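Colleague: Have a look at the structure that comes next, please.
The values are calculated or read from the model by the stated rules, or taken from the named source; none is laboratory data. These numbers come from a predicted model, not from an experiment. Positions of Cβ are backbone-derived with ideal geometry, glycine not excepted, and every protein chain shown enters the neighbour counts.
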Amino acid sequence: MPHIEATYKKFKERKFELISVSVEMGQDKLTRDWIAKLVPPYPIVMADKGTLTAYGFKKTPLFLVIDKEGKIQKRIEGFNTQIHSTLEGEIERLL
């Protein structure tokens with residue numbers, strides 16, 4: 001997602017971290033090959049069923065904006081045209 005990569009680059013020097021979680025259950029090799037080809041500037045981790053349950057994944061993409069204390073401040077689920085601006089606004093608010 002180009003907008004997410006742009007957001008990462010915009011904030012990476014300001015005590016901000018982005019971690020992408022892949023939920024492609026059963027498609028591990030395909031996903032790993034795609035990651036190796038894409039080479040995103042941020043880490044991508046593979047979710048298991050416990051991760052999906054713990055964070056209540058229902059729709060993808062799922063963005064969790066987490067503060068410095070580790071508390072979820074904003075949850076953005078599913079794709080819409082406002083994801084980019086909503087995400088950046090929340091990051092700005094917390095930084």
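Colleague: For residues in the range 14-48 being exposed (fewer than 13 other Cβ atoms within 10 Å of the Cβ) and of a type in the set (Lys, Arg), which is farthest from His3 (Cα to Cα)?
Modeller: Lys29
Colleague: For Thr51, which of the numbered conditions (1) closer than 17 Å to Ile4 by Cβ; (2) modelled with pLDDT of 80 or more; (3) of a type in the set (Val, Ile, Thr) fails to hold?
Modeller: Unmet for Thr51, out of (1) closer than 17 Å to Ile4 by Cβ; (2) modelled with pLDDT of 80 or more; (3) of a type in the set (Val, Ile, Thr): (1).
Colleague: Is there a residue in the range 73-95 that is in a loop (DSSP other than H, G, I, E, B) and touching a strand residue (DSSP E or B) at 6+ places or on another chain (Cβ under 7 Å)?
Modeller: Scanning the range 73-95, I find no residue that is in a loop (DSSP other than H, G, I, E, B) and touching a strand residue (DSSP E or B) at 6+ places or on another chain (Cβ under 7 Å), so the answer is no.
Colleague: I need every pair where a residue in the range 16-38 that is in a loop (DSSP other than H, G, I, E, B) has its Cβ under 6 Å from the Cβ of a residue that is modelled with pLDDT of 80 or more and surrounded by fewer than 14 Cβ atoms within 10 Å (Cβ to Cβ), sequence separation at least 6 or different chains.
Modeller: The qualifying pairs are Ile19/Pro43.
Colleague: Separate question: Within the range 54-68, identify whether any single residue is in a helix (DSSP H, G or I) and at pLDDT 80 or above, and answer yes or no.
Modeller: So far as the range 54-68 goes, yes, one or more of its residues are in a helix (DSSP H, G or I) and at pLDDT 80 or above.
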